[in-house]
Structure formats: C-alpha cells, structure tokens
1. Give me the aspartates and glutamates in straight-line cross-link reach of LYS88: C-alpha distance below 17 Å, same-chain residues under 8 apart excluded.
2. Multiply the residue gap between ARG69 and THR45 by 0.36 nm, knock off their C-alpha separation, and tell me the result in nm, one decimal place.
3. Give me the 1.4 Å probe accessible area per residue for the range 39-102, excluding ligands and nucleic acids, in Å².
4. So for each of 106-112, 88-94 I average, over its residues, the number of other beta carbons within 10 Å; can you give me the resulting order with the highest mean first?
Amino acid sequence: PAAAPLQAEQQAPAAPEIKAPEAPAVPTAGAKLVIPGKGEMALQTLPKTLGREDFVKFLSPDEVKFISRQEHIKISFTDSKYYIQDDKSANGTKLNGDEIKGMGQKELKSDDKITLSDVLTVTFQRIN
C-alpha cells in the first residue's frame with residue numbers, strides 16, 4: 001500500500017519568513033533643523049514624522065498647542081534629496097513663506113525656512 005502523504009507538521013521546518021520593510025528607515029546624520037536661539041534637532045533616521053511632542057521643548061505651552069499632535073510634517077530622503085510634506089496638520093506649514101499643506105512633497109534645500117502653524121520657524125540644514 002502507498003504511504004500516507006506527510007502532514008504539514010511532519011515536514012522539515014521552513015526557514016522563517018523575512019519580510020522587507022515597506023519604507024526602510026534611512027540612517028543619516030546629514031541634516032538637522034535649527035531652532036534659532038533654542039537649539040537644533042538632528043534628523044538621524046528618515047522618513048521622520050514630527051508633531052507637537054517633538055517641539056514642546058522649544059515653545060511655550062501657548063504656542064505649542066498650535067502644532068498638530070501626531071503628524072504636523074514628514075521629512076524624507078529619496079535619491080539624495082530631502083523632502084518635506086504636510087498632509088495632516090490643522091494649522092499649516094510654510095516653506096520659505098509659501099503654504100505647502102496638502103501640496104505633496106516639496107524639496108528641502110539647505111537654509112530653507114519652515115514655519116509651523118505661524119508659531120515656530122526653523123531652518124533646515126544639510127550637514128554633508
């Protein structure tokens with residue numbers, strides 16, 4: 001008589017499945033946000049979503065409440081270029097004085113001015 005087929009439990013264990021991340025974080029020490037007179041924020045792993053918690057130490061409670069809680073801006077790095085995007089903020093973001101909310105990714109260049117909710121202006125700087 002023919003041998004019964006092996007059950008899945010009896011087969012040799014398969015190698016663990018390795019899934020590639022959807023959007024791999026890119027380690028970088030190549031950029032930072034400079035908050036005039038208050039310090040700077042290194043952009044060490046991109047993409048990075050920034051919200052109220054990220055800016056609380058740079059603003060008064062009366063100012064920081066205008067920054068969106070979880071996702072005010074997103075900074076990313078693709079093809080050797082940095083980008084900023086604001087899709088979800090309540091009070092908008094300006095890049096060099098121009099509103100960018102809902103306008104997709106905008107390229108960032110060294111010394112660009114980013115204004116969050118008209119309460120905080122930071123300067124983007126490439127380090128290398």
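The values are calculated or read from the model by the stated rules, or taken from the named source; none is laboratory data. Given the structure is predicted, the values throughout are model-derived calculations rather than measurements. Here Cβ is always computed from backbone atoms with ideal geometry, including for glycine, and neighbour counts include all displayed protein chains. Heavy atoms of the whole protein, side chains included, go into the accessibility calculation; ligands, DNA and RNA do not. Shrake-Rupley method; radii C 1.70, N 1.55, O 1.52, S 1.80 Å.
1. List returned: GLU53, ASP54, GLU71, ASP98, GLU99, ASP118.
2. Computed gain between ARG69 and THR45 is 6.7 nm.
3. 56 Å²
4. 88-94, 106-112
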